[in-house]
1. Test residue 80 against the criterion of being out of contact with any strand residue (DSSP E or B) (no Cβ under 6 Å at 6 or more places or on another chain), at pLDDT 75 or above and among the charged types (D, E, K, R), and give yes or no.
2. Looking at region 100-124 only, could you name the residues that are free of Cβ contacts under 8 Å to residues at least 24 places away in the same chain and not hydroxyl-bearing (Ser, Thr, Tyr)?
3. Yes or no: region 127-134 includes at least one residue that is touching a residue at least 60 places away in the same chain (Cβ under 8 Å), over 24 Å from the mean Cα position of the chain (by Cα) and surrounded by 17 or more Cβ atoms within 10 Å (Cβ to Cβ).
4. Out of (1) over 22 Å from the mean Cα position of the chain (by Cα); (2) exposed (fewer than 12 other Cβ atoms within 10 Å of the Cβ); (3) not small (Gly, Ala, Ser), what's the single condition that is false for residue 102?
Amino acid sequence: MPKVQSNGAGVGRRGRRIASSLAEINVVPLVDVMLVLLIIFMITAPMIQRGVDVNLPVARRSAQIAGERIFVSIPLNYRESHIVYLDQEPIRAEILQERIRQKMERATSKEVFLRGDGSVRYQELMEIFDRLRGAGVEKIGMISKLPEER
């Protein structure tokens, strides 16, 4: 809306000066910045969502898994850190039993699939087995990959 000033200078019709104020926000730079940020996030988001690096052992015969799946992954650095992954969440091995027990309360089938790195010691694998059995898991499946999946 133009402002009306009754000043002597710049007289328009009937002795009034009309001045327009520029109170508009320029949205073009804002849109440019937002598009650049959107492109940056679209490129970096897939890079951030990596899984746990586990080098699975190879088996000649394996079957597909059906239904709701709970995965426990044992990475190669388990010896030093004693951290396992419940699905994608890193947790300490000491609290694995309680977390599995909580998940088993809601699950229809009491089975867990264990993904262990091929270089994990047998004793470390047995420790996790014992913790899973103590949590009430009835079936523990070992995940491997077929020879052609190398």
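1. Working: out of contact with any strand residue (DSSP E or B) (no Cβ under 6 Å at 6 or more places or on another chain): yes; at pLDDT 75 or above: yes; among the charged types (D, E, K, R): yes.
Yes: the conditions hold for residue 80.
2. Of the residues in region 100-124, the ones free of Cβ contacts under 8 Å to residues at least 24 places away in the same chain are 102, 105-106, 122-123.
Across region 100-124, the qualifying residues are 102, 105, 106, 123.
3. The first filter runs over region 127-134 and keeps only residues touching a residue at least 60 places away in the same chain (Cβ under 8 Å), leaving 132.
If we keep only those that are over 24 Å from the mean Cα position of the chain (by Cα) too, we end up with 132.
Add one more test, that the residue is surrounded by 17 or more Cβ atoms within 10 Å (Cβ to Cβ), and what stays is 132.
For region 127-134, residues touching a residue at least 60 places away in the same chain (Cβ under 8 Å), over 24 Å from the mean Cα position of the chain (by Cα) and surrounded by 17 or more Cβ atoms within 10 Å (Cβ to Cβ): present.
4. With respect to (1) over 22 Å from the mean Cα position of the chain (by Cα); (2) exposed (fewer than 12 other Cβ atoms within 10 Å of the Cβ); (3) not small (Gly, Ala, Ser), residue 102 is out only on (1).
The values are calculated or read from the model by the stated rules, or taken from the named source; none is laboratory data. Fair warning: this is a prediction, and the values are worked out from it, not measured in the lab. Every residue, glycine as well, gets a Cβ built from its backbone with ideal geometry; the counts of neighbours run over all protein chains shown.
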